[in-house]
Amino acid sequence: MVETLLTISFIVLLVDLALIILWLFNYKEIKNKQSETPFVSILIAARDEENNLADCLEAILKVNYPEDKLEILLGNDRSEDKTGDIAEAYAVRHPQIKSYQISARKIKGNGKANALAQLARKAKGEYMLITDADIVVPPDWIKSMLVGLDEDTALVTGTSIVGGNTMIAYFQKVEWLFATGMLKVVSDFNVPVTTMGNNMLIRKSVYEEIGGYEALPFSVTEDLELFNHIKKKHKTVNLFNDNVLNISKPQSTFMDLLVQRKRWMRGAFRLPWIMVALLALQSSFFLVIVGLFMVNTTWAWIILGVKFMLRYIFGSLLAKKLKESINIVGYIIFEVYAVIFSSVSVLYYFLSGPVEWKGRKY
């Protein structure tokens, strides 16, 4: 019994150590030269985002990119609040913003995919950047995302973390930091995993080549579905730096967070095996430690201490790259939270009903 638990523990620790080593020695800084400023289209599907949309649009309007090479296409997906009014007001004041009412359902996908599909057909840009209405982009976002392109690249994924000053926002920030960091490590190891639906750039010719969202099967994680079809024939890259760092508004309650995680977990089961294995190992560690405390307290404390140290080092390296930081006290609290919340999330996934998203059930 002890030998089995120790073996699993050592494997988990080796994986954590490997993540640090790969980050330090295999991190790929992608800086393709971009001598031109192509016309780009920013696509935003918005539903009930009256509290976030203005901040999102103000940030995009401040990006360092020529106004005559940029259009912002905003799809109001049958919002039940003032999202449509805000969108129309910005469209009147800023000619590069175009607001559309998304009322018809033209594809098999979810609401966001339906809105993006219709916006994409109106997009004039050579490249399409997709983000969400609760996101604030950095000033050099467009130029820095274009840096990820070479002649073979079809899709570029940026980095996203959660902002906010509350404890629940901090938990989400650290969780997103680890998730996006692992995505970068694995993708630099030449294993394309997924993209971020709130921070991606797509070559429009490739989007049209696969038939767009109209040609994709239904999925609650439309970004992963699109990514999986593109990666079959084309190159994708992940960028991880502060110039492509989008800040998301946090989920305000733990219930909202559970609902969000349920949707994400539906897509997680379709990730490449290496990513599923990493997630499974991290999730199983709690049960292993509990078992060790029951049979050998000394080994349990040693492994728990090493695990904490390795995770904190990895998280600190990630945060430094984004010019962020991890408070060690907050991180200790986060690790306790992560164990509890992960267990609750699994139970909620299997015991609750359909996936709920933006007032719709899937």
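The values are calculated or read from the model by the stated rules, or taken from the named source; none is laboratory data. Remember, predicted model here, so these are calculated numbers, not experimental data. Cβ placement follows ideal geometry from the backbone for every residue including glycine, while neighbour counts extend to all protein chains displayed. Please note that ligands, DNA and RNA were not included when accessible areas were found on the heavy atoms of the full protein model with its side chains. Shrake-Rupley method; radii C 1.70, N 1.55, O 1.52, S 1.80 Å.
A few comments on the model shown:
- Solvent accessible area, Å² - residue 263, 1.4 Å probe, full protein context: 30 Å²
- Three-way shape call for the stretch 109-174 based on the alpha-carbon gyration tensor, with the a/c threshold at 1.5: oblate
- Solvent exposure of the chain as accessible area per residue, Å², 1.4 Å probe: 46 Å²
- Toward the positive end of the charge dipole of the chain, with +1 on the Cβ of Lys and Arg and -1 on the Cβ of Asp and Glu, the farthest Cα among 157, 306, 205 is that of 205.
- Descending Cα extents along the principal axes, the stretch 184-314, whole Å: 59, 34, 29
- With all protein chains modelled, accessible area of residue 254 [1.4 Å, Å²]: 100 Å²
- Taking the helices alone, the chain has a mean residue ellipticity at 222 nm of -17000 deg cm²/dmol, built from -39,500 (n - 2.57) per DSSP H run of at least 4 residues and averaged over all its residues.
- Using the Cβ of residue 311 as centre and a radius below 9 Å, the other residues enclosed give a net charge of -1, where K and R count +1 and D and E count -1.
- Solvent-accessible surface ranking, highest first, for 47, 78 at 1.4 angstrom: 78, 47
- Phi angles across the stretch 355-360 convert, under the Karplus curve 6.51 cos²θ - 1.76 cosθ + 1.60 with θ = phi - 60°, into 3J(HN,Hα) values of 5, 10, 7, 6, x, 10 Hz, Gly and Pro given as x.
- Surface share of carbon and sulfur [accessible, 1.4 angstrom probe, percent] for the chain: 61 percent
- Two-decimal Rg/Rh across the stretch 1-132, once Rg and the Kirkwood Rh are taken from alpha-carbon atoms: 1.21
- Heavy atoms of residue 35 accessible to a 1.4 Å probe, total area in Å² rounded to 10: 120 Å²
- Using θ = phi - 60° and Karplus 6.51 cos²θ - 1.76 cosθ + 1.60, couplings along the stretch 301-311 (whole Hz; Gly, Pro as x): 5, 4, 5, 4, x, 5, 4, 4, 4, 5, 5
- Only Lys, Arg, Asp and Glu carry charge here, each on its Cβ (+1 for the first two, -1 for the last two); on that basis the stretch 117-175 has a dipole of about 280 debye about its Cα centre.
- Each DSSP beta bridge with both residues in the chain is either parallel or antiparallel, and the antiparallel ones are about 30%.
- Debye log10 I(q)/I(0) at q = 0.25 Å⁻¹ for the stretch 91-143, Cα point scatterers: -1.27
- Exposure rank, largest accessible area first [342, 103; 1.4 Å]: 103, 342
- Annotation: amide H of residue 235 within the under-5 Å range of 154, sequence separation 5 or more or interchain, hydrogens built in the peptide plane.
- Remark: accessible surface ordering of 71, 209 (largest first) is 209, 71, probe radius 1.4 Å.
- Reachable lysines from residue 323, criterion Cα separation under 20 angstrom, eight or more residues apart if same chain: 28, 31, 143, 173, 184, 249
- Distance distribution note for the stretch 115-252: the fraction of Cα pairs above 27 angstrom is 18%.
- In this structure, residue 11 and residue 36 have a Cβ-Cβ separation that, at R0 = 35 Å, corresponds to a calculated FRET efficiency of about 0.15.
- About its Cα centre, the dipole of the stretch 17-65 is roughly 420 debye, where the only charges are +1 on Lys and Arg Cβ and -1 on Asp and Glu Cβ.
- Under 17 Å from the Cα of residue 233 - aspartates and glutamates, other chains or at least 8 residues apart: 150, 151, 152, 208, 209, 223, 225
- Close amide H partners of residue 70, meaning residues 5 or more places away or on another chain with modelled amide H under 5 Å apart, are 40.
- Rounded, prolate or oblate (a/c below 1.5 giving rounded, otherwise prolate when a/b exceeds b/c) for the stretch 150-207 by Cα gyration tensor: oblate
- Using the alpha-carbon positions of the stretch 294-362, Rg (one decimal) and Dmax (whole number) come out as 17.1, 49 Å.
- Of the labelled figures (1) 29, 26, 18; (2) 42, 26, 14; (3) 36, 22, 19, only one reflects semi-axes √(5λ) of the Cα gyration tensor in Å as derived from the coordinates, namely (3).
- Total charge dipole magnitude, the stretch 208-295, about the Cα centre, Cβ charges on Lys, Arg, Asp, Glu only, Debye to nearest 20: 280 debye
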